[in-house]
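Taking it in order: structure first as structure tokens, then the write-up.
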Amino acid sequence: MLLGAGPEAYVCALGTLKFGAVLTTLPVERAAETPRCLSASEAALLVTSPELYDRFVAPIRPHLSRLRRVLLVAEPDGLDTVLGTMSPRFAVPPTDPGQPAMVHFTAGTMGAVSGVVHPHEAVVAQLASATYALDLQDDDNLEISVSAGRVTHTAYGMIAPLARGVTTVVDLGPPSLPHDERTTLWYAPAALLDRLHKDGLPHLLPPSLRLIVAEGGGLRPETVAGSHATLGHTVHDTWWQTETGAILVSNFAGLDVWPGSIGRPMPGIRAAVVKRSPRGGSSP
């Protein structure tokens, strides 16, 4: 799936998971990596836009022997047309908890881009971490300003809110301030929050908003310290990796937030600082 955060991305992702196939995603801003990721994942079906296909896939299509079909959005014989031919009756097959569900590509901590496989059971960690780190409540409206294709968008923009039964407000344009007056939680990139705070202006956010949570690395301590003055709320940071598939450490709602501190581990997670021994092992 190489799509922006529109309705087609949700149809594609949820349909793939319900069918029992493996969902591979890539953010649009990393579209240049599409040929290598398609080859590495041995994808059989690609759903993307005509523009992205023409630029990044068409030139190397003859070399993608495993790619059997491409569905383009907003095309006469594309995704919408195919969906219109489908029967409304479909029995979702059972899946094993360890069965692969998703592949997300990441540069990781070693600098080499690689695919990380997450099983269907990952929904347990995604739901639990969303409940604790994002403080999801039954009547919440979660707005997520994260690019589709990122593991955080899949986990916290698609799967966890549906599993928790809350409403998701999708940011279709470039990441910006939430505009929906019903938004109660805002999950936004750290870089965006840093930029909004750095301009030094007070920003008008929906009065219903009760919590801002940062995703991605690099949230500056000065943003946390001064965010209440510029954003009206103290930003709560989170820590995770594509390899973990879910948030592991967070500044939980209701706890004191210290600038420069990432917070506390999720229940069931032990966080430690390790050092490498001369013999190649590690110890706390």
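The values are calculated or read from the model by the stated rules, or taken from the named source; none is laboratory data. As the structure is a computational prediction, the values presented were derived from the model and not from experiment. All Cβ positions, glycine included, derive from the backbone under ideal geometry; neighbour counts span all protein chains shown. Protein only, heavy atoms only, side chains kept; ligands, DNA and RNA dropped before computing areas. Shrake-Rupley method; radii C 1.70, N 1.55, O 1.52, S 1.80 Å.
For the reader, a short list of remarks on this structure follows.
- Cα-based shape type of segment 137-177, given that a ≥ b ≥ c are square roots of the gyration tensor eigenvalues and the cut on a/c is 1.5: oblate
- Taking amide H as placed 1.01 Å from N in the peptide plane, the amide H of residue 25 sits under 5 Å from that of 103, 105, each at least 5 places away or on another chain.
- Cα-based values for segment 5-148, radius of gyration first and Dmax second, are 16.6, 50 Å.
- Probe 1.4 Å, all protein chains present, accessible-area order of 63, 197, largest first: 63, 197
- When the convex hull of its Cα atoms is projected in every direction, mean area for segment 145-264 (nm²): 7.1 nm²
- Accessible area in the full protein assembly, largest first, 1.4 Å probe, for 30, 279: 279, 30
- Dividing the convex hull volume of the alpha carbon atoms of segment 101-175 by its residue count gives 100 Å³ per residue.
- Student exercise, the chain dipole from Lys, Arg, Asp, Glu Cβ charges, in Debye to nearest 20: 1020 debye
- Apportionment of accessible area to carbon and sulfur, the chain, percent (1.4 Å): 57 percent
- Residue-normalised accessible area of segment 38-179, given per residue in Å² at a 1.4 Å probe: 53 Å²
- Positive-pole candidate from 70, 124, 268, dipole of the chain, charges at beta carbon: 268
- Only Lys, Arg (+1) and Asp, Glu (-1) charged, at Cβ; segment 121-270 dipole about Cα centre in debye: 260 debye
- Working from Cα pairs under 8 Å separated by at least six residues, relative contact order for the chain is 14 percent.
- Solvent-accessible ranking of 219, 134, largest area first, probe 1.4 Å: 219, 134
- Its Cα gyration tensor gives segment 174-232 an equivalent ellipsoid; the semi-axes, largest first and in whole Å, are 17, 13, 10.
- Expressed per residue, the C-alpha convex hull volume of the chain stands at 168 Å³.
- Shape descriptor for segment 227-284: Rg over Rh equals 1.11 (Cα atoms; Rh from the Kirkwood inverse mean 1/r).
- Dividing the summed -39500 (n - 2.57) terms of all DSSP H runs of n ≥ 4 by the residue count of the chain sets its mean residue ellipticity at 222 nm at -6500 deg cm²/dmol.
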